[in-house]
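The next block holds one structure in the form of structure tokens; read it before the comments.
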Amino acid sequence: MNKKILVTKSSIPDLDEYVEEIKDLWETRWLTNMGVKHQLLEEKLKEYLNTENITLFVNGHLALESIIQAMDLKGEVITTPFTFISTTHAIVRSGLTPVFCDINYDDYTIDVSKIEDLITERTSAIIPVHVYGNICDYQEIDKIAKKYDLKVIYDAAHAFGEKIDGINVSNLGDASIFSFHATKVFNTIEGGAVTYKKNELKEKLDQIKNFGITGPESIESVGGNAKMNEFQAAMGICNLRHIDDEIEKRKKVVERYKERLSDIKGIKLNEEKENVKSNYAYFPVLFDGYEANRDEIFEELKKNNIFARKYFYPLTNDVQCYKNQFNVEETPTAKYVSDRILTLPLYADLELSDVDRICDIIINI
């Protein structure tokens, strides 16, 4: 049987490198609570992302919930249903109401031309998503936010290290959240972060992620436990050393996919923009009028031990736990894309011969 190819495979350093990085933890026994590794990773990420403020978290989801709490958002938040469920759950779990805006057919990001019609007196923020590393129209979103005095928090889980117009995505909007989950371009096993412009948010975020503790005998606010531990931070330190090489390897995989699947009727590939420095996080393919539909392609690949992903499907405004709360027909483009899109396997160590095997199956179905 053909070897199994999963949709993603985690990037990790050599074992010896990681062991060397964590060795001193056996001496200090400082395993969590913002230790030396945590502090070092924060500083290195500030430099890599060219940002002044960053706070690390145990995962990207709690990073989003925490920045929502720190900004004291109320009422309604405009967002997109074409995202991982975490984005919507974070809004709902924070006691806010998500208001779903449709997406663009071209790059699957939020359709900025539809945002203003969704703004009400209860709107407090916009949470757009950089989908597959495609950067939102940040300039238009900024104009709208300033006009209506709204906060902007970007879900940048897919966009680590990317730049648009020479600006690192970490510096867009009022804040950006990142996921460092094992499947991401940069991982800390599990993990996440928030970058933000206002310095005063640091103290709030530090309290929120650490029970509201401000000193040995001082608890000034209600917080939870969302701290990144030292083993996660150590993995991040190691992976950050190799991130540029990993992205370059991903680029070669993407180039082979494009070489094989471009200009085929009924197949729409993700377009790279000249003003964006990509991280090659995902390879989405839209089967729109192709001789086989998305689900048929998915099953044929699966028969050959290749596991692609219907990503994002279903839309977050159409999942079971939100049934009858939202009308999926109000986001028709998102629904159309969600029913037709498939992300193909993509990771740094994916062999080009395996890319060819995947493409052969799609082309010859």
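The values are calculated or read from the model by the stated rules, or taken from the named source; none is laboratory data. The structure displayed is predicted, hence computed values, not measured ones. We place every Cβ from the backbone using ideal geometry, glycine too, and count neighbours over all the protein chains shown. Ligands, DNA and RNA are excluded from the accessible area calculation, which covers all protein heavy atoms including side chains. Shrake-Rupley method; radii C 1.70, N 1.55, O 1.52, S 1.80 Å.
Below, the figures for the structure above:
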| quantity | calculated |
| --- | --- |
| Relative contact order for region 159-306, counting Cα pairs under 8 Å that sit 6 or more residues apart, in percent | 21 percent |
| Order of exposure, largest accessible area first, which applies to 18, 336 with probe 1.4 Å | 336, 18 |
| Other-chain or far-sequence residues with amide H under 5 Å of residue 125's (modelled H) | 78, 151 |
| Kirkwood-based Rg to Rh ratio, region 5-129, C-alpha trace | 1.08 |
| Relative contact order of the chain, defined on C-alpha pairs under 8 angstrom at six or more residues apart (%) | 23 percent |
| Inter-site label distance for residue 200 and residue 15 at 7 Å from Cα along Cβ, in nm | 5.1 nm |
| Dipole in debye (nearest 20) - region 91-231, about Cα centre, beta carbon charges: Lys, Arg +1; Asp, Glu -1 | 300 debye |
| Over 26 Å between alpha carbons, listed pairs 209/249; 249/277; 146/268 | 209/249; 146/268 |
| Unit charges on C-beta of K, R, D, E only; dipole of region 219-259, Debye | 240 debye |
| Computed FRET value (nearest 0.05) for residue 296 with residue 143, which takes r as the C-beta separation and R₀ as 35 Å | 0.25 |
| Region 271-302: trypsin sites (Lys or Arg not before Pro) in DSSP loop, at most 15 other beta carbons within 10 Å | 273 |
| Solvent accessible area, Å² - residue 142, 1.4 Å probe, full protein context | 70 Å² |
| Long-range HN-HN contacts of residue 24 with modeled amide H, under 5 Å | none |
| 10 Å binning of all Cα-Cα separations within region 32-89, expressed as whole percents from 0 upward | 18, 41, 31, 10 |
| Solvent-accessible surface (1.4 angstrom probe) belonging to residue 242, in square angstrom, nearest 10 | 70 Å² |
| Rounded, prolate or oblate (a/c below 1.5 giving rounded, otherwise prolate when a/b exceeds b/c) for region 64-203 by Cα gyration tensor | rounded |
| Charge context of residue 238, other residues only, Cβ under 12 angstrom, K/R +1, D/E -1 | -3 |
| Region 188-222: GluC sites (Glu not before Pro) falling in loop per DSSP and having at most 16 other Cβ within 10 Å | 200, 217, 220 |
| For the chain, size of Cβ-based charge dipole, Lys and Arg +1, Asp and Glu -1, in debye | 500 debye |
| In Å, descending, principal axis extents of the Cα set of region 223-365 | 49, 45, 36 |
| Region 256-340: proportion of alpha-carbon pairs further apart than 15 angstrom, % | 68 percent |
| Farthest toward positive dipole pole in the chain [+1 Lys/Arg, -1 Asp/Glu at C-beta], among 150, 41, 362 | 362 |
| Candidates per GluC sites (Glu not before Pro) in region 82-173, loop by DSSP, up to 13 other Cβ within 10 Å | 121 |
| Over the chain: Kirkwood hydrodynamic radius from C-alpha pairwise inverse distances, Å | 21.3 Å |
| Inverse mean reciprocal Cα-Cα distance (Kirkwood Rh) of region 317-365, Å | 13.8 Å |
| Phi to ³J(HN,Hα) by Karplus 6.51 cos²θ - 1.76 cosθ + 1.60 over region 153-163, Hz, x for Gly, Pro | 10, 8, 7, 9, 4, 8, 10, 4, x, 6, 10 |
